[in-house]
Amino acid sequence: MSRFKKISAIIMIFALVMCTGYFSMMAPTTAWFYQAQSINGTNNKFVFADFDIDGDYSIEKVLVFDGATAYEDKNETMFDSVVKVIDVDVENDGGLPARIYATVKNESSAKGLKYFYYTDDMLVNGSVKETIYSALKNNVNDKALNNYNVGEDGNGGHFVKINPGEKKTVKVALWVEYDECESELAFADSPWESINYNINVTMTATQDVDGAMTR
């Protein structure tokens, strides 16, 4: 082997060692996905893969609710009639398993907005409300819902696992809680007045490890 080839081989080995060491020392929260998104009517799509800097996909929408509801009330029969559901088609175009987390922010001054995210394989009897009760194991209250959505520390919660090459539709259900919205919007003895909510839905792709999600 010539002197030049020996030097080139040493440099390549050194570079390989440095790269391996760098990736092995990456923190669990290091962003490592790219994303491509397209919005065409109701067609929302989030495609991601390995090792890049952007793992978020955001949708901004104005939702018009024609009625309020009460998800904690088992006798409330109109929940599935007024809930709004946003679908996002998610695709893992990389070679490693990933987790998808969802975050919803209410950008309006209007109060009472709640959310819950899930996939079709979680759906119980075609009902979003029954799915919520099943996911929360019938412990249905705001604390349990918040822990499900974002976890106790706000950086976790429920996630959807996406294997390499897999596609799934992540669904975000949104509704307005009757007892929390402005009093002038929901009098028991007068009709509900429709109200607009400006919302932001963010899907975040992370490594398939605990602690990778940060909001």
Check: Which pairs break 28 Å Cα to Cα here: Lys143/Lys171; Lys143/Lys167; Lys45/Lys143?
Finding: Lys143/Lys167; Lys45/Lys143
Notebook entry, point to check: Amide H neighbours of Glu166 under 5 Å, counting only residues 5+ apart in sequence or on other chains, H built in-plane at 1.01 Å?
Noted result: Asn92
Next item on the list: Give the calculated FRET efficiency between Asp87 and Asn196 to the nearest 0.05, with a Förster radius of 25 Å applied to their Cβ-Cβ distance.
Entry: 0.75
Check: Across the stretch 135-147, in residue order, what do the Karplus-derived ³J(HN,Hα) couplings come to in whole Hz, using 6.51 cos²θ - 1.76 cosθ + 1.60 with θ = phi - 60° and x for Gly and Pro?
Finding: 5, 8, 6, 6, 8, 8, 7, 5, 5, 5, 5, 5, 4
Next item on the list: Divide, for the stretch 109-151, the radius of gyration over alpha carbons by 2.2 N^0.38 Å, where N is the residue count.
Entry: 1.20
Checklist line | Only Lys, Arg (+1) and Asp, Glu (-1) charged, at Cβ; the stretch 71-116 dipole about Cα centre in debye | finding: 260 debye
Next item on the list: Rounded to whole Hz and in sequence order, give me ³J(HN,Hα) for the stretch 102-117 from the Karplus expression 6.51 cos²θ - 1.76 cosθ + 1.60, θ = phi - 60°, writing x for Gly and Pro.
Entry: 10, 9, 10, 10, 8, 8, 9, 7, 5, 9, x, 6, 10, 8, 7, 10
Next item on the list: Pop out the ³J(HN,Hα) list for the stretch 173-181 in order, Karplus 6.51 cos²θ - 1.76 cosθ + 1.60 with θ = phi - 60°, rounded to Hz; leave Gly and Pro as x.
Entry: 8, 10, 8, 10, 6, 4, 6, 10, 7
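Readers should treat all values here as calculations from the given coordinates under stated rules, not as data from a laboratory. The shown structure was predicted, so the numbers you read here are calculated from the model rather than taken from an experiment. Every residue, glycine as well, gets a Cβ built from its backbone with ideal geometry; the counts of neighbours run over all protein chains shown.
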